[in-house]
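The values are calculated or read from the model by the stated rules, or taken from the named source; none is laboratory data. Since this is a predicted model, take the numbers as computed values, not measurements. Cβ sites come from the backbone with ideal geometry, for glycine too, and all protein chains shown count toward neighbours. Accessible surface areas use protein heavy atoms only, side chains included; no ligands, DNA or RNA. Shrake-Rupley method; radii C 1.70, N 1.55, O 1.52, S 1.80 Å.
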Amino acid sequence: MRAMLVGVDFGRGGFSASMEELALLVKSSGADPVIAMTVKRQTPDAALYVGSGKVDEIRQALTRHQCDILVFNHPLSPAQQRNMEKRLEIHIVDRTSLILDIFAQRAKSHEGKVQVELAQLQHLATRLVRGWTHLERQKGGIGLRGPGETQLETDRRLIGDRVKVLRTHLGKLQKQRETQRRARVRNRTFSLSLVGYTNAGKSTLFNAMTKADAYVADQLFATLDTTSRRMHLENLGNVVMSDTVGFVRDLPHQLIAAFKATLEETVHADLILHVVDAASSVRREQIEQVNMVLKEIGAEAVPQLMVWNKIDLAGLEPAIEHDEYGRIRRVFVGARDGIGLDLLRQTIAEYVRESGLRHPFASKAPPGVDVLACADS
């Protein structure tokens, strides 16, 4: 499927990186991005987002490159999407729908599938009218207007009923996770949660540290389902490490809400390992995006250790970096080849010794670990 990408530059910075990421998202969804168009505006157009003149330019480009789909690098309102599809006569996908589609393709566990379906239904509920636009052209037609409205109301009710069922089911799964967490607390099991921007190498690091076989691929959102494994630390026993879904800029709020049960593994962790792609030119922005999501799910107060991964691609050496107070600022590793993992184990063990064995949810930050996200430099 050939896709045309459209991005609107509002002059806020990070636009080119966002468009590069959109191309990766499109590839991850299975489409081929063949052309990208940039539009400069101060604010979105209320009816067409990009304005009437640009819509005509987009139409010409779509025809010239024989595109099958148009992908916007922004969330569109139902009216904007409907208006543009009517003008362009092509299927349009906004950033939110694109990410939801990728999640639907990748979810493997029962819980992951339930979470994705919930997010999709919540998104669909605002766009149901698109399926009944043929009735708008026949206003006043006897026997048409009423049934159309009734069908729309029926669809909304069915979606609402399904959403209630899914929320109830997720609530039960959440209670199961809470029971498991309480068991870990009783057993004084220290828990680690891997977080980071998508494709930062979290699953590769997870496999290397726990000898697990979590799915790894050079693509966005390779991991959707949280996986937990035991990791043995010499002279300290076992700790539990969890691999989580990768974050991305402008992650749809429906997904954050739907995946909250899964992400609670992060909220209740004793230590967050924030994995950063050291070779990325936009790592500073990626760090900020991850911290924004952590704040949104209520995990901003959990102690956090920065783990710079892919140092082999960035030309860096394995090391533990301290700040002027002697606290550990960053650990530099190359998970794919096992570079520096002994240093990371050493750092985790130090944290467990200093605070984890006193109380698994100690609020006091231990020596050697900065409780705040470390600034990039």
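Return the residues of region 86-106 that are free of Cβ contacts under 8 Å to residues at least 40 places away in the same chain and closer than 18 Å to E57 by Cβ; say none if nothing qualifies. Steps first, answer last, please.
Residues of region 86-106 that are free of Cβ contacts under 8 Å to residues at least 40 places away in the same chain, as a first pass: 87-94, 97, 104.
Correct list: R87, L88, E89, I90, I92.
Are any residues in region 121-149 at pLDDT 75 or above and open to solvent by 70 Å² or more (accessible area, probe 1.4 Å), and if so, which ones? If you could, list the steps in order and put the result at the bottom.
Pass one, region 121-149, residues at pLDDT 75 or above: 121-125.
L124 - this is the single residue of region 121-149 that is at pLDDT 75 or above and open to solvent by 70 Å² or more (accessible area, probe 1.4 Å).
Need the failing condition index for R327 against (1) open to solvent by less than 50 Å² (accessible area, probe 1.4 Å); (2) modelled with pLDDT under 90; (3) under 22 Å from L233 (Cβ atoms), just the number.
(1)
Taking the condition of being open to solvent by 20 Å² or more (accessible area, probe 1.4 Å) and either touching a residue at least 12 places away in the same chain (Cβ under 8 Å) or at positive phi (or both), how many residues in region 342-351 meet it?
First pass over region 342-351, keeping only residues open to solvent by 20 Å² or more (accessible area, probe 1.4 Å): 342-343, 345-346, 350.
Still in the list and also either touching a residue at least 12 places away in the same chain (Cβ under 8 Å) or at positive phi (or both): 343, 345-346, 350.
Counting residues in region 342-351 that are open to solvent by 20 Å² or more (accessible area, probe 1.4 Å) and either touching a residue at least 12 places away in the same chain (Cβ under 8 Å) or at positive phi (or both) gives 4.
Would you mind finding the one in R358, R336 that is out of contact with any Pro (no Cβ under 8 Å at 6 or more places or on another chain) and either at pLDDT 95 or above or farther than 23 Å from A200 by Cα (or both)? Reasoning before the result, please.
Working: R336 fails: either at pLDDT 95 or above or farther than 23 Å from A200 by Cα (or both).
Only one candidate qualifies: R358.
Restricting the first residue to region 321-337 and requiring it to be within 11 Å of V307 (Cβ to Cβ), which pairs with a second residue that is open to solvent by less than 10 Å² (accessible area, probe 1.4 Å) and of a type in the set (S, T, Y) meet a Cβ separation below 6 Å and a spacing of at least six or different chains?
Note: pairs meeting the criteria are I328/T347; V331/T347.
Hey, can you tell me all the residues within region 277-320 that are out of contact with any Leu (no Cβ under 7 Å at 6 or more places or on another chain), among the hydrophobic types (A, V, I, L, M, F, W, C) and not in a strand (DSSP E or B)?
Passing the criteria: V282, I287, V290, M292, L294, A299, A301, V302, I311, L313, A314, L316.
Among residues belonging to region 252-270 that are part of a loop (DSSP other than H, G, I, E, B) and modelled with pLDDT of 70 or more, point out the one that is farthest from the chain's Cα centre (by Cα).
Within region 252-270, the match that is farthest from the chain's Cα centre (by Cα) is D270.
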